[in-house]
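Worksheet: one structure, shown below.
We did not get these values from a lab; they are worked out from the coordinates using the rules stated. Please read these numbers as outputs of a predicted model, since none were measured by experiment. Every residue, glycine as well, gets a Cβ built from its backbone with ideal geometry; the counts of neighbours run over all protein chains shown.
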Amino acid sequence: MSNQARVSSIDALEVFRAELIHYTEKARVALDDMTSEARRTRTWLDVERTQYWAAQLKKLTKQLEQAEAELYSANLTSPLASNALQKMAVVRVRRKLDEAQAKMRVIKHWRQVYDNRTGPLLRQLEPMFFHVGQQLPKAVHALGEIIKTLQAYAEASRPALRPAAPPTPAEAPSPESPS
């Protein structure tokens, strides 16, 4: 039995270490993207959609007031006429206003529910953040140290190559002999 280890694939460890570094970076980017996307969605709900639908409500409320004023004016000028166009305008704007109010209720609902739905999912990522931010860099460092140790061991266990001894005068060709 030999007391020496056979170190034959340090290159494979170096390749694995390089791939682990690459994986760590990709995992870090993916985790950051997930949390950023959750924050962007929350901001989108809180700011962009809320402001948009609030502006739509304001605009449609003004349009409804204007359409109702036109209907009232038309009823005053000709009380016996049907004023169908004005009535249809009021109905159309009222329907749009109702739709905008429904959209605003949906936004308000999701603003209230969003954190409850995404919070547990984001908390499930916390162990991954720990592994990617703490454990994997330690593993990369440990692999680097292992590779150095194995390289030193492999160097020490190689048979020493002796430099070739200069030829003796009997073996050396004489300068006078024909070649």
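If I model a spin label as a point 7 Å beyond the Cα along the Cα-Cβ vector, how far apart are those points for Glu37 and Ala154 in nm?
4.1 nm
Give the lysines whose C-alpha is closer than 18 Å to that of Lys96, dropping any in the same chain fewer than 8 places away, or say none.
Lys96 reaches Lys58, Lys59, Lys62, Lys87.
Over segment 10-156, what relative contact order in percent results from Cα pairs under 8 Å that are six or more residues apart?
45 percent
Enumerate the residues in segment 125-149 having an amide nitrogen under 20 Å from the point lying 7 Å beyond the Cα of Arg28 toward its Cβ.
Once the point is set 7 Å along Cα→Cβ of Arg28, 125-145 turn out to lie under 20 Å by backbone N, inside segment 125-149.
Would you grab the residues whose amide H sits under 5 Å from the one on Asn83? Only those 5+ places off in sequence or on another chain, please, with H modelled 1.01 Å from N.
none
What ³J(HN,Hα) values, in whole Hz, does the Karplus curve 6.51 cos²θ - 1.76 cosθ + 1.60 give for segment 28-40 when θ = phi - 60°, with x put for Gly and Pro?
Using θ = phi - 60°, the values come out as 4, 5, 5, 5, 5, 4, 5, 5, 5, 5, 5, 5, 4 Hz.
Note down the Stokes-Einstein diffusion coefficient of segment 10-156 in µm²/s, whole number, using a Kirkwood radius over alpha carbon pairs, 25 °C, and 0.890 mPa s.
My calculation gives 116 µm²/s for D.
Whole-Hz ³J(HN,Hα) for each residue in segment 92-104, computed from phi via Karplus 6.51 cos²θ - 1.76 cosθ + 1.60 with θ = phi - 60°, x for glycine and proline: what do you get?
4, 5, 5, 5, 5, 5, 5, 5, 5, 5, 5, 4, 5
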